[in-house]
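Asker: Handing you a structure now.
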Amino acid sequence: MSRILVFLTGLGVLALLAGCAARSTVVLIPDPDGNVGQVVVANERGQQVLNEANQAVTVTGRKAPPGAVRTMTTDEVRSVFSDALAARPLPPARFILYFLMDSDVLTRESMAIVPEVLETIRKRSPVDIVISGHTDTVGTNEYNYRLGLDRTKAIYGILVAKGVAASSITATSHGEGNPLVKTGDNVPEPRNRRVEIVVR
């Protein structure tokens, strides 16, 4: 019997099992944040929709419709899908570092987080790292785009100086275009003066 484990967040996915001659079980589990999406299990004889945590359906072959939807216990999921659960990738690690106003200098509190960022990168190597620079709304769009880019370059420089491969880093700037806290124009909001780091 084949076993299919589906991790979805806010997505609708169609699992076509038309070519499956053997018995297959599909189960939908929450992502690490507890969010659950939806999957449609279908073959030429019918379909079933899974949209709640640990819902499962078994398909006995292409000549029979998918079975009734049932809910597995967490212990059942762990027991039946232990190999798949052990093989799933770690969820992305996310960090937010804040900057002094109109500057590419980290706040003291954010500087203290840098060792944790580096340790996470070391443990997950090889990695894909995305650094996104952001600003508050003080200044022009063009100025803030450049300031956001300067902030990403500052973090890029710190990571590379500590041995992180430059080829694993992508740096972008959103300027004032993607605020963490919505404000009007020319509002000095410290939580928007940031760099977001995603480590995959």
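The values are calculated or read from the model by the stated rules, or taken from the named source; none is laboratory data. In this text the structure is predicted, and so the values were computed from the model without any measurement. Positions of Cβ are backbone-derived with ideal geometry, glycine not excepted, and every protein chain shown enters the neighbour counts.
Asker: Cβ-Cβ distance below 6 Å, separation of 6 or more or different chains: which pairs start in the range 80-98 with a residue that is farther than 18 Å from Leu28 by Cβ and in contact (Cβ under 8 Å) with a residue 24 or more places away in the chain and end on one that is basic (Lys, Arg) and not in a loop (DSSP other than H, G, I, E, B)?
Answerer: Qualifying pairs under 6 Å: Ile96/Arg194; Tyr98/Arg194.
Asker: Identify all residues within the range 151-164 that are touching a residue at least 40 places away in the same chain (Cβ under 8 Å) and in a helix (DSSP H, G or I); write none if there are none.
Answerer: If the condition is that a residue be touching a residue at least 40 places away in the same chain (Cβ under 8 Å) and in a helix (DSSP H, G or I), then Arg151, Thr152, Lys153, Ala154, Ile155, Ile158, Leu159 are the ones that fit.
The rows are residues; the columns are (1) over 30 Å from Val160 (Cα atoms); (2) surrounded by fewer than 15 Cβ atoms within 10 Å (Cβ to Cβ); (3) at pLDDT below 90; (4) among the small types (Gly, Ala, Ser).
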position: Thr25; (1), (2), (3), (4): yes, no, yes, no
position: Asp75; (1), (2), (3), (4): yes, yes, no, no
position: Asp83; (1), (2), (3), (4): yes, yes, yes, no
position: Ile96; (1), (2), (3), (4): no, yes, no, no
position: Ser103; (1), (2), (3), (4): no, yes, no, yes
position: Pro115; (1), (2), (3), (4): no, yes, no, no
position: Ser125; (1), (2), (3), (4): no, yes, yes, yes
position: Asp128; (1), (2), (3), (4): no, yes, no, no
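Asker: Of all residues in the range 169-192, which are touching a residue at least 24 places away in the same chain (Cβ under 8 Å) and out of contact with any helix residue (DSSP H, G or I) (no Cβ under 8 Å at 6 or more places or on another chain)?
Answerer: Those that are touching a residue at least 24 places away in the same chain (Cβ under 8 Å) and out of contact with any helix residue (DSSP H, G or I) (no Cβ under 8 Å at 6 or more places or on another chain): Thr170, Asn178, Gly184, Asp185, Asn186, Val187, Pro188, Glu189, Pro190, Arg191, Asn192.
Asker: Pairs, please: C-beta under 6 Å, at least 6 apart or cross-chain, first residue in the same structural domain as Asn54 (by TED's automatic domain parsing) and basic (Lys, Arg) and in the range 16-40, second surrounded by fewer than 20 Cβ atoms within 10 Å (Cβ to Cβ) and modelled with pLDDT of 85 or more?
Answerer: Close Cβ pairs satisfying both conditions: Arg23/Thr60.
Asker: If you don't mind, there's one more thing I want to ask. What is the one condition in (1) of a type in the set (A, V, I, L, M, F, W, C); (2) part of a loop (DSSP other than H, G, I, E, B); (3) more than 18 Å from Pro32 (Cβ to Cβ) that Ala56 does not satisfy?
Answerer: (2) is the only condition that Ala56 fails.
Asker: Moving on. So is Lys153 exposed (fewer than 13 other Cβ atoms within 10 Å of the Cβ), charged (D, E, K, R) and assigned by TED's automatic domain parsing to the domain that holds Arg191 or not?
Answerer: Taking the combined requirement at face value, the residue does not satisfy it.
Asker: In this structure, does Glu76 turn out to be part of a helix (DSSP H, G or I) and within 30 Å of Pro188 (Cα to Cα)?
Answerer: No; evaluated as a whole, the condition is false for this residue.
Asker: Residues to consider are Ser167, Ser110; find the one that is farther than 18 Å from Arg94 by Cα, assigned to a helix (DSSP H, G or I), under 23 Å from the mean Cα position of the chain (by Cα) and modelled with pLDDT of 95 or more.
Answerer: Ser167
Asker: Still on this structure, I have one more. Going by the structure shown, is Tyr145 aromatic (Phe, Trp, Tyr) and over 23 Å from the mean Cα position of the chain (by Cα)?
Answerer: yes
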